[in-house]
Amino acid sequence: VSPQPLAGLNAAGAVAFRAARQFLPPLLSDWLRFRFSEFTFAGTAWPRPPSGGGWEHESIVEAQVRHWPLLKRNLEDAGPLGVSHLPGHDGRADVSDHNIIMSYAYALARALSGRRTLSVLDWGGGLGHYLLYSRALFPGVDFQYHCLDLPAMCAAGRRLQPDACFHDDARELVGLKLDLVISSSSLHYFEDWRGTLRDIAAMVGGWLYLSRLQCVEQAPAFVAVQRPRSAGYGTSYPSWFLNRRGVLAAALAEGLALEREFLFDERWYVRRAPEQGRSRGFLFRKP
Ligand SMILES: C[S@@+](CC[C@H](N)C(=O)[O-])C[C@H]1O[C@@H](n2cnc3c(N)ncnc32)[C@H](O)[C@@H]1O
């Protein structure tokens, strides 16, 4: 079951709720997650920047850096990969997180296709945890890993992973062609998501893995504001819930061919929204 947190719960409360949920009837558990969701519907236009700093709020980097040693430990041996970079996901047995990582393993295997080196760009890649996942999944491969994120996140990422390349300005990436570009739960944080997808697509040398995308099926794209207290982030930020067909059409227009679609068990309930979100992924190939 996915880790959809409850609004108003701090990180410890969210951990307790996740543990207690296995004893709750599914209907009650879903209703609680809907009723107390961290997301609030905000209309069909991007709102003004949030006052709390949005993704630049210092608590986000702090919480992820604090969680980093545990994430590394959870990836060390041959145990299950039900792990996450998200603070509060302390174990390695979360089935939803396991699905996220094994879906990535599929995308990586398609991109590798037996090769021993792979260049990767992780767009909105945080501290670069997908590099840790990549090495745990394919230990013999040499990954040339680039990560684009905000300046404070990149600075922390450089300290933790000196052998990765962190970029806090997308202009540094212009002209690069990467074997695999990943955008996991990040495209929906860009106001001009179509323009961002165009920029990303221009850097795809082979494969694009759009993962953990906030999607709806029927409704037109809309915006929600999230207050991510359960992860220990003391801020709020807007994000799109994108229409699935709209995403596929935009990707097709950039010359990308869909190779596989993925489903994730992250229930992103949005209070007052015309449709509830679903976490989807898409593996595209550039012919
Ligand atoms: C939900 S996290 C996803 C992290 C990771 N890709 C994953 O799925 O596990 C979103 C990431 O996008 C980054 N981000 C948000 N807005 C950004 C921007 N304008 N430029 C670069 N990165 C941004 C955040 O700092 C954060 O690391």
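What about S211, is it in a strand (DSSP E or B), in contact with a Ser or Thr (Cβ under 6 Å, 6 or more places away or on another chain) and either near the ligand (Cβ under 10 Å from one of its atoms) or modelled with pLDDT under 95 (or both)?
Against the criterion (in a strand (DSSP E or B), in contact with a Ser or Thr (Cβ under 6 Å, 6 or more places away or on another chain) and either near the ligand (Cβ under 10 Å from one of its atoms) or modelled with pLDDT under 95 (or both)), S211 qualifies.
Across segment 74-88, what is the total count of residues that are in contact (Cβ under 8 Å) with a residue 24 or more places away in the chain, more than 12 Å from the ligand (Cβ to nearest atom) and under 16 Å from L131 (Cα atoms)?
Residues flagged as in contact (Cβ under 8 Å) with a residue 24 or more places away in the chain, more than 12 Å from the ligand (Cβ to nearest atom) and under 16 Å from L131 (Cα atoms) within segment 74-88 amount to 2.
For the list (1) surrounded by 18 or more Cβ atoms within 10 Å (Cβ to Cβ); (2) more than 13 Å from the ligand (Cβ to nearest atom); (3) hydrophobic (A, V, I, L, M, F, W, C), I need the number of the one condition that F138 fails.
(1)
Can you pull out every residue in segment 37-53 that is loosely packed, with under 15 Cβ neighbours inside 10 Å and at pLDDT 95 or above?
G43, T44, A45, listed by residue number.
Does R194 satisfy the condition of being more than 13 Å from P238 (Cβ to Cβ) and outside any helix (DSSP H, G or I)?
Considered against the rule, which asks whether it is more than 13 Å from P238 (Cβ to Cβ) and outside any helix (DSSP H, G or I), R194 comes out as no.
Among the residues of segment 241-251, what is the count of those that are closer than 21 Å to P287 by Cβ and touching a strand residue (DSSP E or B) at 6+ places or on another chain (Cβ under 8 Å)?
3
Can you name the residue in segment 268-279 that is out of contact with any Asp or Glu (no Cβ under 7 Å at 6 or more places or on another chain) and part of a strand (DSSP E or B) and, of all such residues, is surrounded by the fewest Cβ atoms within 10 Å (Cβ to Cβ)?
R271
List pairs: first in segment 89-109 and in contact (Cβ under 8 Å) with a residue 40 or more places away in the chain, second assigned to a helix (DSSP H, G or I) and aliphatic (A, V, I, L, M), Cβ under 7 Å, 6+ apart or cross-chain?
D90/L70; L108/L137
Taking segment 244-265 on its own, how many of its residues are assigned to a helix (DSSP H, G or I) and either in contact with a Lys or Arg (Cβ under 6 Å, 6 or more places away or on another chain) or within 30 Å of R18 (Cα to Cα) (or both)?
Selection size over segment 244-265: 2.
Testing D265 on (1) surrounded by fewer than 21 Cβ atoms within 10 Å (Cβ to Cβ); (2) in contact with a Leu (Cβ under 7 Å, 6 or more places away or on another chain); (3) within 18 Å of Y104 (Cα to Cα), one condition comes back false. Which one is that?
(2)
Go over the candidates L121, L160, L132, L127 one by one and state the one that is crowded, with 23+ Cβ neighbours inside 10 Å, within 15 Å of K72 (Cβ to Cβ) and either touching a residue at least 60 places away in the same chain (Cβ under 8 Å) or more than 15 Å from the ligand (Cβ to nearest atom) (or both).
Just a single option satisfies the conditions, and that option is L127.
Hey, does segment 97-116 have a residue that's at positive phi, modelled with pLDDT under 95 and not aromatic (F, W, Y)?
The answer is yes, given that some residue of segment 97-116 is at positive phi, modelled with pLDDT under 95 and not aromatic (F, W, Y).
Restricting attention to segment 178-189, and to residues there that are in contact (Cβ under 8 Å) with a residue 60 or more places away in the chain and either more than 14 Å from the ligand (Cβ to nearest atom) or assigned to a loop (DSSP other than H, G, I, E, B) (or both), which single residue is nearest to A45 (Cα to Cα)?
S186
Scanning for something under 17 Å from the mean Cα position of the chain (by Cα), among the hydrophobic types (A, V, I, L, M, F, W, C) and more than 16 Å from the ligand (Cβ to nearest atom), does segment 217-240 turn up at least one residue?
Checked segment 217-240: no residue is under 17 Å from the mean Cα position of the chain (by Cα), among the hydrophobic types (A, V, I, L, M, F, W, C) and more than 16 Å from the ligand (Cβ to nearest atom).
The values are calculated or read from the model by the stated rules, or taken from the named source; none is laboratory data. Just so it is clear, the model here is predicted, and its values are computed rather than measured. No Cβ is skipped: glycine too gets one built from the backbone with ideal geometry, and neighbour counts run over all protein chains shown.
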